[in-house]
């Protein structure tokens, strides 16, 4: 069926596992996500360092994640990075369903040598992102570092997440990787089913 988010094609859910695809004139992206996985990842965006970050996100979040992205890299990396994050966020939202029973909130701090990053998430359906990652250079590998913040904002918007992610460090590779690991860990905590929770974790009686 077609998602109300736009031109997203969402396959049938199997528990908390779902496939989401999006095709435009700029990108053709398919994401398969299992929230209750073992951290297995197969990722090909055509941007090596981005693949590395997304693989770290999946590994430390214990998400099973497959991403195949074909984008207009002859133009630049922008569309591929943004749209991959958008489809991944949509997959998280779809896999969560009505979000009833989840812990909702999660937090994690991850150090990598001289760098450290902290991610705090609320999966209550209120999309907002505050990102503070003070990179020193312009790129790591083929990934323009200004797109990291843009990708995280797109992810939060599509996932229905409030995301606060900040860090410090002298090495851009370490800082970016710590950020994605922290996001994976925080999201894992927030998306876990709380056996003591009956219904949504909200005094309103509904999430989303």
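The values are calculated or read from the model by the stated rules, or taken from the named source; none is laboratory data. This one's a predicted model, so the numbers in the text were calculated from it and none came from an experiment. All Cβ positions, even for glycine, are placed from backbone atoms using ideal geometry, and neighbour counts span all protein chains on display.
Number of residues in the stretch 10-26 that are at pLDDT below 95 and under 18 Å from residue 96 (Cβ atoms) equals 6. Within the stretch 173-184, the set of residues being closer than 13 Å to residue 111 by Cα and buried (at least 21 other Cβ atoms within 10 Å of the Cβ) comprises 175, 176, 177, 178, 179, 180, 181, 182, 183. Just one residue in the set 66, 90 is under 13 Å from the mean Cα position of the chain (by Cα), part of a strand (DSSP E or B) and more than 15 Å from residue 184 (Cβ to Cβ); that residue is 66. Assessment of the stretch 103-112 against the conditions (on the phi > 0 side of the Ramachandran plot and either touching a strand residue (DSSP E or B) at 6+ places or on another chain (Cβ under 9 Å) or assigned to a strand (DSSP E or B) (or both)) yields at least one matching residue. Within the stretch 162-184, can one find any residue that is assigned to a helix (DSSP H, G or I), more than 27 Å from residue 21 (Cβ to Cβ), in contact with a helix residue (DSSP H, G or I) (Cβ under 6 Å, 6 or more places away or on another chain) and modelled with pLDDT of 95 or more? So far as the stretch 162-184 goes, yes, one or more of its residues are assigned to a helix (DSSP H, G or I), more than 27 Å from residue 21 (Cβ to Cβ), in contact with a helix residue (DSSP H, G or I) (Cβ under 6 Å, 6 or more places away or on another chain) and modelled with pLDDT of 95 or more. Tallying residues that are out of contact with any strand residue (DSSP E or B) (no Cβ under 9 Å at 6 or more places or on another chain) and either surrounded by fewer than 13 Cβ atoms within 10 Å (Cβ to Cβ) or in a strand (DSSP E or B) (or both) within the stretch 119-138 yields 2.
Of the numbered criteria (1) part of a strand (DSSP E or B); (2) in contact (Cβ under 8 Å) with a residue 40 or more places away in the chain, the one residue 49 fails is (1).
The rows are residues; the columns are (1) in contact with a helix residue (DSSP H, G or I) (Cβ under 7 Å, 6 or more places away or on another chain); (2) modelled with pLDDT of 95 or more; (3) more than 19 Å from residue 158 (Cα to Cα); (4) surrounded by fewer than 18 Cβ atoms within 10 Å (Cβ to Cβ).
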| site | (1), (2), (3), (4) |
| --- | --- |
| 28 | no, yes, no, yes |
| 40 | no, yes, yes, yes |
| 50 | yes, yes, no, no |
| 57 | yes, yes, no, no |
| 68 | no, yes, no, yes |
| 74 | no, yes, yes, yes |
| 91 | no, yes, no, no |
| 95 | no, yes, no, no |
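Going by the conditions given, is residue 21 touching a strand residue (DSSP E or B) at 6+ places or on another chain (Cβ under 8 Å), farther than 20 Å from residue 184 by Cα and buried (at least 18 other Cβ atoms within 10 Å of the Cβ)?
It is true that residue 21 is touching a strand residue (DSSP E or B) at 6+ places or on another chain (Cβ under 8 Å), farther than 20 Å from residue 184 by Cα and buried (at least 18 other Cβ atoms within 10 Å of the Cβ).
Of all residue pairs spaced 6 or more apart or on separate chains, those with beta-carbon atoms under 6 Å, a first member in the stretch 1-26 that is farther than 19 Å from residue 71 by Cβ and a second member that is in a loop (DSSP other than H, G, I, E, B) and modelled with pLDDT of 95 or more are 16/35; 16/36.
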